[in-house]
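Working notes for the structure below.
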Amino acid sequence: MHPRDLQRLPTADLAPLPAAAVIAIDGPAGSGKSTTARHLAHRFGLLYIDTGAMYRALTLAALRAGTDLQSDPILTALLKDARLELVPGKTETAVRWNGQDVSDAIRTSEVEAAVSLVSSHAGVRTEMVRRQQEFGRRGGVVMEGRDIGSVVFPLATAKIFLSASLEARVGRRLRQFKQRGKEMAADRIREDLQARDELDSGREVSPLTVSPDAVVIDSSDMNLQEQNDACARACRFNPTLNRSLDRDLERARVRLPWHYRLAFTVMETLGRFYGLRQVGNEGCAVPRGCIVAVNHISLWDPPLVGGTLHQYRVNSLAKAELFRPAPMGSFFRWLDAIPIRRRGFDQEAFQVATNFLHAGNNLLIFPEGTRRPVGTPGPVRSGLGILVQNSLAPMQPVFIRGSHGRQPMGSTLSPLEVSYGPVVWWHGVAELQRSLEPREVSRRIATLCEAVFVELQAQSFARIPQTEFEKKLGENQIEQVERRTREVFGRS
């Protein structure tokens with residue numbers, strides 16, 4: 001987003017952010033993430049967490065110990081045995097490694113040159129992500145890094161990808177070194193930044209990437225004040241924070257066809273009987289023209305979600321096999337279902353679905369394409385990415401737990417819960433489409449959806465721990481589900 005486009009952003013101070021807000025800022029080295037993150041934390045009264053400092057602290061410890069920086073197991077063990085603390089101060093966050101303040105020591109050129117290699121290891125990143133999520137799950141934080149919006153907090157309240165040209169970043173690094181009383185050649189800084197860009201973008205685990213729902217801001221031609229203001233305004237660039245919702249559900253249902261009203265009544269009655277918990281929707285309607293993306297574990301999933309969607313009506317994509325024989329096809333069409341072939345690309349079905357979304361109708365889909373083992377969401381198929389690129393419709397993620405059979409739904413062995421996550425708005429898709437092939441854009445959309453499902457499941461398990469029954473059922477289902485997936489989609 002260039003300065004000429006900033007009028008699209010709302011005024012930042014129209015209203016405060018929620019107290020539990022999580023602001024995720026990603027971007028390459030030298031783009032000004034840390035400076036802007038500190039400013040936003042102060043501006044919105046949130047806690048600033050410098051995730052880059054966490055990797056730098058590990059890198060410093062490894063350099064001091066003479067550890068092999070190529071060894072993931074050794075570095076991961078070093079991290080797990082350490083007490084890594086981030087202590088917020090008035091202007092800076094102090095970094096402590098085993099009780100020692102290393103806030104200044106981690107900012108040297110030696111650490112700068114080695115940190116990308118250390119952070120590229122899968123074991124290191126897994127442990128760091130776990131710690132970062134512990135810091136941020138309580139909310140009220142601004143967190144910056146390379147994969148905050150895409151991996152660490154896929155459900156962040158606001159996501160910003162802050163970029164700048166290489167020359168602009170070189171100039172900023174030069175000024176930073178001069179402020180610290182250090183001299184550094186511009187050519188050396190340029191080489192270091194280029195090397196870090198290649199390592200960060202090319203690593204296999206959590207590479208630096210634009211999250212499809214991030215607001216992309218190019219600050220190359222901005223001064224610091226303009227950059228901070230643009231990012232503050234981007235934090236409000238979330239229609240969910242500003243929309244006025246129709247909370248009068250009974251009045252809304254009068255407009256529904258009679259079979260919708262009957263279905264709502266039946267599912268509400270069953271929900272009360274089975275102890276259904278609804279989390280995250282609080283009686284609010286989702287936006288119109290929205291993709292309702294739901295994980296899939298049971299044939300009960302469609303009516304369960306339909307019963308909790310306080311909407312005028314919702315269409316759904318359903319496998320074509322359900323529409324045979326003809327009487328069944330008529331029944332499912334009466335329920336506003338759209339048949340889709342799961343093998344190959346069903347262009348006609350996707351065009352019909354896109355038209356429904358453009359007309360303001362909501363569309364319920366199961367992006368995994370088939371039922372998954374309990375406790376194992378994903379992988380998400382390419383169909384979601386195709387729909388998003390064709391329609392740019394926002395996505396309402398929904399996670400279902402406990403709808404499987406063998407035991408009564410809602411029992412102590414298997415709690416019944418439908419969780420609504422924050423609506424995902426695809427701010428970054430247009431930016432991705434300018435530089436990537438459609439297939440790669442679809443893959444990134446699918447990856448984000450998978451991360452969202454995993455996070456919603458983790459939040460559900462935090463509310464009610466996963467039961468032994470659920471664990472064993474999921475393990476028993478894995479082979480069966482893998483076989484069904486191969487039959488439906490082939491080995492690819």
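Scan the stretch 391-415 for residues that are assigned to a loop (DSSP other than H, G, I, E, B), at pLDDT below 90 and either of a type outside the set (D, E, K, R) or touching a strand residue (DSSP E or B) at 6+ places or on another chain (Cβ under 7 Å) (or both) and jot them down.
Within the stretch 391-415, 402, 403, 404, 405, 407, 408, 409, 410, 412, 413, 415 meet the criteria.
Just give me the residues in the stretch 94-125 being charged (D, E, K, R) and either in contact (Cβ under 8 Å) with a residue 12 or more places away in the chain or not assigned by TED's automatic domain parsing to the domain that holds residue 84 (or both), in sequence order.
If the condition is that a residue be charged (D, E, K, R) and either in contact (Cβ under 8 Å) with a residue 12 or more places away in the chain or not assigned by TED's automatic domain parsing to the domain that holds residue 84 (or both), then 96, 107, 110, 112, 125 are the ones that fit.
In the list 165, 150, which residue meets the criterion of being modelled with pLDDT of 85 or more, surrounded by 20 or more Cβ atoms within 10 Å (Cβ to Cβ) and among the hydroxyl-bearing types (Ser, Thr, Tyr)?
150
How about the stretch 323-353: which of its residues are aliphatic (A, V, I, L, M), within 20 Å of residue 296 (Cβ to Cβ) and surrounded by 13 or more Cβ atoms within 10 Å (Cβ to Cβ)?
Scanning the stretch 323-353 gives 335, 337, 338, 340, 349, 353.
Give 388, 374 a once-over and let me know the one that is at pLDDT 90 or above, assigned by TED's automatic domain parsing to the domain that holds residue 281 and either crowded, with 18+ Cβ neighbours inside 10 Å or part of a strand (DSSP E or B) (or both).
Only one candidate passes the filter, namely 388.
Any chance the stretch 237-252 includes a residue that's modelled with pLDDT under 75, closer than 30 Å to residue 214 by Cα, within 22 Å of the chain's Cα centre (by Cα) and of a type in the set (Val, Ile, Thr)?
Within the stretch 237-252, one or more residues are modelled with pLDDT under 75, closer than 30 Å to residue 214 by Cα, within 22 Å of the chain's Cα centre (by Cα) and of a type in the set (Val, Ile, Thr).
Any idea which residue in the stretch 198-212 is surrounded by the most Cβ atoms within 10 Å (Cβ to Cβ), counting only those that are within 13 Å of residue 162 (Cα to Cα) and not polar (S, T, N, Q)?
Per the criteria, the residue is 210.
I'm trying to understand the selection: among the residues of the stretch 165-188, which are of a type in the set (A, V, I, L, M, F, W, C), outside any loop (DSSP other than H, G, I, E, B) and in contact (Cβ under 8 Å) with a residue 40 or more places away in the chain?
Once the filter is applied, which keeps residues that are of a type in the set (A, V, I, L, M, F, W, C), outside any loop (DSSP other than H, G, I, E, B) and in contact (Cβ under 8 Å) with a residue 40 or more places away in the chain, the stretch 165-188 yields 168, 170.
I'd like to verify a number: residues in the stretch 215-225 that are in contact with a Pro (Cβ under 7 Å, 6 or more places away or on another chain) and either loosely packed, with under 14 Cβ neighbours inside 10 Å or not assigned by TED's automatic domain parsing to the domain that holds residue 43 (or both), how many?
1
When you look at residue 373, is it under 17 Å from the mean Cα position of the chain (by Cα) and at negative phi, yes or no?
No, not satisfied.
For the stretch 338-366, how many residues meet the condition of being aliphatic (A, V, I, L, M), free of Cβ contacts under 8 Å to residues at least 24 places away in the same chain and in a loop (DSSP other than H, G, I, E, B)?
Residues that pass the stated criteria total 0.
Do the conditions hold for residue 168, that is, is it in the same structural domain as residue 64 (by TED's automatic domain parsing) and either in contact with a strand residue (DSSP E or B) (Cβ under 6 Å, 6 or more places away or on another chain) or farther than 24 Å from residue 24 by Cβ (or both)?
The answer is no for residue 168.
So residue 343 ticks every box in (1) at pLDDT below 75; (2) among the basic types (Lys, Arg); (3) over 22 Å from residue 368 (Cα atoms) but one. Which box is left unticked?
Every listed condition holds for residue 343 apart from (3).
Before we move on, is residue 371 in contact with a strand residue (DSSP E or B) (Cβ under 6 Å, 6 or more places away or on another chain) and within 24 Å of residue 304 (Cβ to Cβ)?
no
Name the single residue, out of those in the stretch 302-337 being in a strand (DSSP E or B) and touching a helix residue (DSSP H, G or I) at 6+ places or on another chain (Cβ under 7 Å), that is farthest from residue 350 (Cα to Cα).
Ranking the candidates gives 314 first.
Identify, from the list 112, 127, 85, the residue that is among the acidic types (Asp, Glu) and modelled with pLDDT of 90 or more.
127
The values are calculated or read from the model by the stated rules, or taken from the named source; none is laboratory data. Please read all numbers here as calculations on a predicted model, not as lab measurements. A quick note on method: Cβ atoms are made from the backbone with ideal geometry, for glycine too, and the neighbour counts reach across all protein chains shown.
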